[in-house]
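A.B. asks: Starting off with a structure, shown below.
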Amino acid sequence: MKTTTFVLLVLIYAVCGSCTGKKADTDFRTWAPTPPMGWNSWDCYGPTVEEHEVKANADYMADKLKKYGWEYIVVDIRWFVQNDKAGGYNQTDPVYVIDSYGRYMPAVNRFPSAMDEKGFKELADYVHRKGLKFGIHIMRGIPKVAVEKKMPIKGTNGITADQIYSTELQCTWLRDNYTIVADNPGAQEYYNSIFELYASWGVDFVKVDDLSRPYHKAEIELIRNAIDNCGRPIVLSTSPGATPVEHAAHIREHANMWRLVDDVWDTWPQISHLFDVCEQWYPYIGPGTWPDCDMMPLGRISIRGERGNDRMTRMTKDEQIALMSLWTIFRSPLMFGGDLPSNDDFTLSLLTNAEVLDVLKFSNNNRLLLNNGSTRIWLANDTQSDDVFAALFYNSDQQKMDESLAIYSSDTLTHKPGEQSTTMKVNIAGAKKLYLVVSNGGDGNDWDHADWIAPKVTGPKGTLLLTDLGWVKATTGWGDVQVNKSVGGNSLVVNNKTYDSGIGTHSNSVIEYDLPEGYDTFTVMGGLDQECIDQQGATVQFHVFKQNPYGAEAADSAEISLKLADLGLKGKCKVRDLWAKEDLGEVDNQVSLFVNDHGARMVRISAVK
C-alpha cells in the first residue's frame, strides 16, 4: 500500500508539473514526494554563474545522473545583477536588471537567452527538454530600487512599491531588498506578481533566502499563497538556517524544505555539527516536507566561489561518505554544490550508488538509535520490504569535552551589550601544550563568530604572540581559523573596536599549540566579533587547557555493534554493505562493524526466511 501511494504521488506531480495558467489543485506536499535531488550553482560559482555553465551542468545531469533520480538545476543568488563579483557581493555599484513592475529579470550579459524580456523561459525550456526541472534563488522582500523609483505593483489599482516596504529586519548581509509589510495593501499582490512571472518562465523550484533566521512568518505565508495561486506547482525551499525548531509546525505547513544551518562548506566540523542539529529535526521528516542539511560541498567547488580558491573538496573520502550517509538516512534533500562536469570517478560514485539512494527514496521511521558522543547509529525502515537500514558513524571530534580539565573557563558571552567580551590572565606555569577552546553557550552554534584578541604568553623569556607561533592543529565549527582576521575573513572587531592582532574562529573550535619553555602566563581578550552581533543569537564560552580537552587521544577507528533486537528483528539476518555493494554474510544477535574516524558504514539488514 505504501508503494502504491508513493507512485500515485509521483504521477500527480508529473501531471501538475506541466500545467500553467490555472491554480494547482493538489497539496504542495505532493510536489516533492521524496527529498528533492539536484544541482545548485552557489558552491562553485557564487553570485556569478552564467548560462553556458548552467547548461553544462544540466547536460551532465541528464547524461549521467537523471536515471538515479537527480532532476533539479538551480540558479542561485543575484542572477539579476550585471556586475556582481566572486568572493563577496558587489554592494558598491550593482547594476540591477528590473522590469516596470519592480521584478528582477536575468542579466542578459550573463544569460543571453533572456534578451527581449524573455526572462528564464528559454533556459528553463532547455532544462525541461533534458527531462529535468529548473529552479532559481530569490531574496525575501521587495527590491530597494523598486521602492526608490516608486514602481507600480502589478495587480493593484495604483499601489506602488514604496507603500509596502519597511527597513526593519532588512537582511544584514545583502541589502538588495527591503522587508515587505505583510498587512499592507499590495503586499500579497507583489508576491503574486513575481510568482506569476516565474510560472510563465516554467520555474519548478524556488529557494527563498533570508526567511528563516530570524523567522519571517508573515512573508512565508505570503509566499505560500502566491505559489498556490500562480498556476504552477513550484517547490519551495526556505533559507538559510537555523530554522527555529519552535516553528516546525508552521514551516511544515508552508514549505517543501527548510534549512537547518547556515552555509555548509567543506570542513569536517561543519558536517560534524549537523549530527547534533539533525537529532532535533528527525520527528519532522516528510513526506513532502523535508528538513534540509544544505548543499553538499563535494566535487570541484569555489571556481568563483565565496569560501577559498578553486579546489576539489577538502573533505577526505571517509568524510564525504559520512556526509552522504547522514544526508540519506536523515532524508535531507540532496543538492550537489560542485561543478558536475568536473567530477572525478569517486565523486560520481557517491551520486550514483543506487542502493544508498534507495535509503533516501524508500525509507520511513528515520530515527536516531544511539548517541554516545563519538558514536552514532541511525535507523530507518525500508518501505518496500521488511528490511532495516542502519548508518553507523564514528566521530572522535564529538567526544565529550571534559571541562574539569580546563584551567580557565569564561562566563557565557552573548550579543547583549556588556556581555560581548571577557579578559583573561591565566597561569600556565609548566605547560608544554596550550589549547584554546571556544564552545557553544547553549543555543546552537550558528553565528558564533569568536575572536581571541592579542593572545600572548609571557615569562622569563619575554613575550610571545600566539599569532606568530604556528599551531599544531586548529578546528572550527564553521569556516577556517584565521590569523589577524575574523572567521568571516574580515577585520577583527570586538565591542565596536578594530584590532590588528588576533585569531578568528567559530564554536566549537580547538586550537592546539606546542608551547616553548620560558613562559608562565597567558593573556588575551575573548570576544564575539561584531559581524555576528546583529544576528542576536550568538553565545559562546572561552576555555584554556594545558592538556587535551577530550582526555586521551582518539582512535583511528572504532568497532560499533548493533543488536538485532533493537531493530525488531529475530533470528538470523543477512547484512549488506551499501557503500561497498557487497554481502557481509549472516549474523545472530548483533552486527559489529569497524568504522573509520570521520567515517560511516551503511547496511541493509534482512531477516533470513
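A.B. asks: Please compute the length gained on full extension between Met115 and Leu169, using 0.36 nm multiplied by the number of residues separating them and subtracting their Cα-Cα distance.
C.D. replies: Between Met115 and Leu169, full extension yields an extra 16.0 nm.
A.B. asks: Here's something else I'd like to know. Counting other C-beta atoms within 10 Å, and keeping those with at most 14, which DSSP coil GluC sites (Glu not before Pro) do you find in segment 548-609?
C.D. replies: Within segment 548-609, the qualifying GluC sites (Glu not before Pro) (loop, at most 14 other Cβ atoms within 10 Å) are Glu553.
A.B. asks: Then there is this: Let's see if you can work this out: charge +1 on each Lys and Arg Cβ, -1 on each Asp and Glu Cβ, no other charges. What is the dipole magnitude of segment 374-451 about its Cα centre, in debye to the nearest 20?
C.D. replies: Details: 6 positive and 12 negative charges, 123 e Å.
Value, rounded to 20: 600 debye.
A.B. asks: By how many nm would the segment from Ala56 to Lys609 grow when fully extended, if each residue of separation counts as 0.36 nm and the alpha-carbon distance is taken off?
C.D. replies: Values: separation 553, 0.36 × 553 = 199.08 nm, distance 4.80 nm.
Stretched out fully, the Ala56 to Lys609 stretch lengthens by 194.3 nm.
A.B. asks: Longer than 21 Å from Cα to Cα, which of Lys400/Lys485; Lys55/Lys207; Lys461/Lys497; Lys66/Lys133; Lys473/Lys546; Lys66/Lys118 are they? Say none if no pair is.
C.D. replies: Pairs exceeding 21 Å: Lys400/Lys485; Lys461/Lys497; Lys66/Lys118.
A.B. asks: While we're here: Of Gly430, Ala114, Leu260, which is farthest towards the positive pole of the chain's charge dipole, taken about the Cα centre with +1 and -1 on the beta-carbons of Lys, Arg and Asp, Glu respectively?
C.D. replies: Of the options given, the answer is Ala114.
A.B. asks: Counting pairs of alpha carbon atoms under 8 Å apart in space and at least six apart in sequence, what relative contact order in percent does segment 2-258 give?
C.D. replies: 20
A.B. asks: Picking from Gln163, Leu132, Ile98, whose Cα lies most toward the positive end of the charge dipole for segment 2-258 (charges on Cβ: Lys, Arg +1; Asp, Glu -1)?
C.D. replies: Leu132
A.B. asks: Order these peptides, 503-512, 408-417, by their mean beta-carbon neighbour count within 10 angstrom, highest first. Please report the intermediate quantities before stating the final value.
C.D. replies: Details: 503-512: 25.5, 408-417: 15.7.
Put in order of decreasing packing, that is 503-512, 408-417.
A.B. asks: Count the DSSP beta bridges whose two residues both fall in segment 2-258, then state the antiparallel fraction as a percent rounded to the nearest 5.
C.D. replies: Numbers: 7 of 25 bridges.
Roughly 30 percent of the DSSP beta bridges within segment 2-258 come out antiparallel.
A.B. asks: Ranking Glu148, Glu221 by Cβ neighbours within 10 Å, fewest first, what do you get?
C.D. replies: Starting with the residue having the fewest Cβ neighbours, the order is Glu148, Glu221.
A.B. asks: Sort His250, His449 so that the residue with the fewest other Cβ atoms within 10 Å of its own Cβ comes first and the one with the most comes last.
C.D. replies: Values: His250 15, His449 27.
Going from sparsest to densest Cβ surroundings: His250, His449.
A.B. asks: Sorted by mean Cβ packing within 10 Å, highest first, what order do the peptides 562-570, 67-75 take?
C.D. replies: Averaged packing, sorted descending, gives the order 67-75, 562-570.
A.B. asks: Related question: What distance in nm lies between label points placed 7 Å from Cα along the C-beta direction at Glu403 and Ser561?
C.D. replies: Placing both labels 7 Å beyond Cα along the Cβ direction yields 3.3 nm.
A.B. asks: Relative contact order for the chain: what is it in percent, counting Cα pairs under 8 Å that are at least 6 residues apart?
C.D. replies: This gives 13 percent for the chain.
A.B. asks: Here's something else I'd like to know. As an exercise, identify the trypsin sites (Lys or Arg not before Pro) in segment 405-475 lying in DSSP coil whose Cβ has no more than 13 other Cβ atoms within 10 Å. Mind dumping the intermediate values first?
C.D. replies: Working: sites: Lys425, Lys432, Lys433, Lys456, Lys461, Lys473; in loops: Lys432, Lys461.
Qualifying residues, ordered by number: Lys432, Lys461.
A.B. asks: Give the label of the value calculated from the structure for Rg/Rh (Cα atoms, Kirkwood Rh), choosing from [x] 1.02; [y] 1.29; [z] 0.99.
C.D. replies: [z]
A.B. asks: Let me check against my output: what whole-number percent is the relative contact order of segment 403-545, with C-alpha pairs under 8 Å and at least 6 apart?
C.D. replies: 44
Throughout, read-outs are computed from the coordinates displayed, never taken from laboratory work. Source: prediction; values computed, not measured. Positions of Cβ are generated from backbone atoms using ideal geometry, with glycine treated the same way; all protein chains shown enter the neighbour counts.
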